[in-house]
Ligand SMILES: [Zn+2]
């Protein structure tokens, strides 16, 4: 590790080459594109933003935007404004990690940091075809609330995997996962926070299910079609997407009834057994997790609001 020298009084002029802003991009990804567009390595560019800790190996520094996010303090942000030639409002609107709550403390010297893990999401590769459509040839990393993204325009799945290949999955080979994604978007649009909460619960439960039987033919076959290793954790959210969304909808319907008596719980568990058996999965493996989820449901359980058309 080495300290990169900061410029004592900061940069005064913008770099000649500009980088187009992409909404939701990570700061690290943006500065990497800005640096490369001006013929600079990322390590060299960082020396112009301020002081921070980076690996002495420039190749490792080049991989930072893929592994984590870059955070700056207020003077560091001002240097970014000068170097990019873009007003702070525009930078902040496009780059979520420049929001005030993520700005580093310390106000005199310009500082930047790349923590081991990003603090406000996951750096997920943006669909490259969307980039080409805007004449952006370099990889773009988005700050995503979950460790994956789906581009419905080009039917591509991307994730935060630190391994290079495959850099995306073509969802045309997994139409059931594409449909599951649209179902999830519908759930989120209609139920907002409650939709997010049950999807997180369902994801956790189905992941436990997967851990109990990673060689389940239904999921292994999807991983094979996706070109991912069946036992790799990066495959899990994708290969289990249809079942996760089905479980999430079932949870919402159950909460919506507002009835959590013994008979209601038994009926819901029977529905879940039916759902899992229909997918060819062993219900017994996930039963304990479902019971744990049920334990938290009671008279005080939050209601997701009216459920219509489902
Ligand atoms: Zn796309």
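A short reminder: the numbers here are calculations on the coordinates, not readings from a lab. Keep in mind the model is a prediction, meaning the values are calculated, not measured. Because the Cβ atoms are built from the backbone with ideal geometry, glycine has one as well, and the counts that use them run over all protein chains shown.
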Exercise. On the given criteria, is residue 75 under 22 Å from residue 116 (Cα atoms), touching a residue at least 40 places away in the same chain (Cβ under 8 Å) and in a helix (DSSP H, G or I)?
Worked result: no
For this session: For residues that are farther than 26 Å from residue 196 by Cβ, surrounded by fewer than 16 Cβ atoms within 10 Å (Cβ to Cβ), near the ligand (Cβ under 8 Å from one of its atoms) and touching a residue at least 24 places away in the same chain (Cβ under 8 Å), tally how many sit in the stretch 121-162.
Result: 1
Exercise. Inside the stretch 151-160, can you point out the residues that are in contact with a helix residue (DSSP H, G or I) (Cβ under 8 Å, 6 or more places away or on another chain) and closer than 19 Å to residue 219 by Cα?
Worked result: 156, 157, 159
